[in-house]
């Protein structure tokens with residue numbers, strides 16, 4: 001079926017775009033979030049034949065948005081050293097923190113990365129995360145707890161608290 005004629009993409013566009021934009025806002029802020037989300041959805045559109053049947057397509061879009069946002073943040077970080085304005089340096093510090101968090105997330109097992117992306121970056125609740133990944137709410141809580149514990153150990157102290165409590169839900 002031609003993806004341009006597949007009503008499934010159009011039907012899911014608004015929800016997937018909202019997820020991608022929430023993830024992007026957390027990484028690059030509101031100014032670039034819409035562009036990042038649009039790029040993530042364009043990649044989903046290009047691969048829709050494969051993506052539409054994924055039980056974890058929301059997690060896939062969240063991860064694509066996260067990766068794209070990190071690329072934007074890295075480019076901004078490289079250019080930040082060329083700018084002299086104080087707010088740019090504050091932004092560069094935020095970017096460095098986000099890149100550190102990305103490295104910690106990238107080292108997590110796949111399922112834990114998916115849970116972190118949906119729960120804390122896309123801001124889905126436990127039930128929606130479970131539904132998106134095709135697992136139980138208990139499994140979501142367990143993966144979130146393990147992921148945050150691993151990140152706390154690797155980042156030290158309360159650094160992973162940027163994602164909130166793993167007890168909510």
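How high is the FRET efficiency between residue 75 and residue 52 when r is their beta carbon distance and R₀ equals 35 Å, given to the nearest 0.05? Plugging the Cβ-Cβ distance into 1/(1 + (r/R0)^6) gives 0.70.
Judged by the mean number of other Cβ atoms found within 10 Å, the most tightly packed of the peptides 135-146, 23-34 leads the ranking 23-34, 135-146. For the listed peptides 36-49, 61-74, a ranking on the average number of other beta carbons within 10 Å per residue, highest first, reads 61-74, 36-49.
Every number here is computed from the coordinates shown, using simple stated rules; none is lab data. As the structure is a computational prediction, the values presented were derived from the model and not from experiment. All Cβ positions, glycine included, derive from the backbone under ideal geometry; neighbour counts span all protein chains shown.
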